[in-house]
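Report on one structure; see the data block that follows.
Only the coordinates and a few stated rules stand behind these numbers; no lab work does. As the structure is a computational prediction, the values presented were derived from the model and not from experiment. Methodologically, a virtual Cβ is constructed for each residue, glycine included, from the backbone with ideal geometry; neighbour enumeration extends over all protein chains shown.
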Amino acid sequence: MQASERGDEPRPEADERFFHIFVPYELRLAQRRALEWGGAGNEQAIGSYIGFYLVRLLPGAGGSFPSHREGGAQLASHVQELLRTALRDSDIPGRLRDDEHLAVVRDLDPMQAYVVAQRFLSAAARSETLKAAGIWTHVGYVVYPLSAQANLPPERWTTLLDLARRISDRGGAGPATGYGLLRGPQGPGNDLPETDLVPLAFEDPDSLVKAGLLSLQRIHLLPSG
């Protein structure tokens, strides 16, 4: 049940300063869980992942994103409302800039990670506000940890955002597209340490997917109705 359904006041909107404190703590917790619980096949580990969903608002062909005073702030607030409808009360939506937003989803089943992006992008595709402004919505997300050897330094958490941004470009041009990156089906013995895996994911994610070290999820929008 969402906060609005209970009649509660809306939660404060997270910003980049909040994420700089919150996300490294969550990464350390996820790394401890990966060390204690082992491989992806461990039933206890299912639901212990974190999803980082980067939402990018892009002007359509020939357009430009409005400035904060000329409508950008209103568009950003609208996107935050759409995000909240796709998230649980325990998840954290926030604004990095008017045209870029982040949602952190904890206790996530990796194989169900696409659901959040699917719900949000389907709502964005139906949004008359975004259509009228000529704004496209692209989502890229990373489900963490990416490896059983989860050793990405927590202070480098923005690297995951950069990776999510890169993955969001795979959707190409379109009003609402999304892709996600997560651990592949190979067992822990075949996993690379994240300090090696993440740079390779920037350079050639398809080879890592082919080798089974990573997986890609493509978002298919829900039918309107």
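Over the range 3-218, Cα pairs under 8 Å with separation of 6+ residues give a relative contact order of 23 percent. Among Ser168, Ser64, a tally of other beta-carbon atoms within 10 Å of each Cβ gives an order, fewest to most, of Ser64, Ser168. 3J(HN,Hα) couplings calculated from phi for the range 135-149 with the Karplus curve 6.51 cos²θ - 1.76 cosθ + 1.60 (θ = phi - 60°) are, in sequence order, 9, 8, 10, 10, 10, x, 9, 10, 9, 10, x, 8, 8, 5, 8 Hz; Gly and Pro show x.
Considering only Ile167, Ile21, Ile135, the mean-square fluctuation computed in a Gaussian network model of the chain, springs between alpha carbons under 10 angstrom, is largest for Ile21. For the modelled label position 7 Å from the Cα of Glu70 along Cα-to-Cβ, which residues of the range 93-126 have backbone nitrogen atoms closer than 18 Å? Inside the label zone: 98-100. The residue among Pro66, Leu146, Leu163 whose Cα reaches farthest toward the positive pole of the charge dipole of the chain, with charges on the beta-carbon of Lys, Arg, Asp and Glu, is Pro66.
Taken about its Cα centre, the range 3-218 carries a charge dipole of about 260 debye when Lys and Arg each add +1 at the Cβ and Asp and Glu each add -1 at the Cβ.
Enter the mean projected area of the convex hull around the alpha-carbon atoms of the range 143-214, in nm², rounded to one decimal. With the hull built on Cα positions only, its mean projection is 4.8 nm².
Backbone amide hydrogens, once placed in the peptide plane, bring Ala14 within less than 5 Å of Arg95, excluding anything fewer than 5 places away on its chain.
Take every Cα pair under 8 Å whose residues are at least 6 apart in sequence, average their separation, divide by the length of the range 93-225, and the relative contact order is 28 percent. Between amide H atoms placed 1.01 Å from N, distances below 5 Å from Leu214 occur with Gly184, Val209, all of them 5 or more places distant or on a separate chain. Shown here is the pair-distance distribution of the chain: with all Cα-Cα distances grouped in 10 Å bins from zero up to the longest one, the shares run 8, 34, 36, 18, 4, 0 percent.
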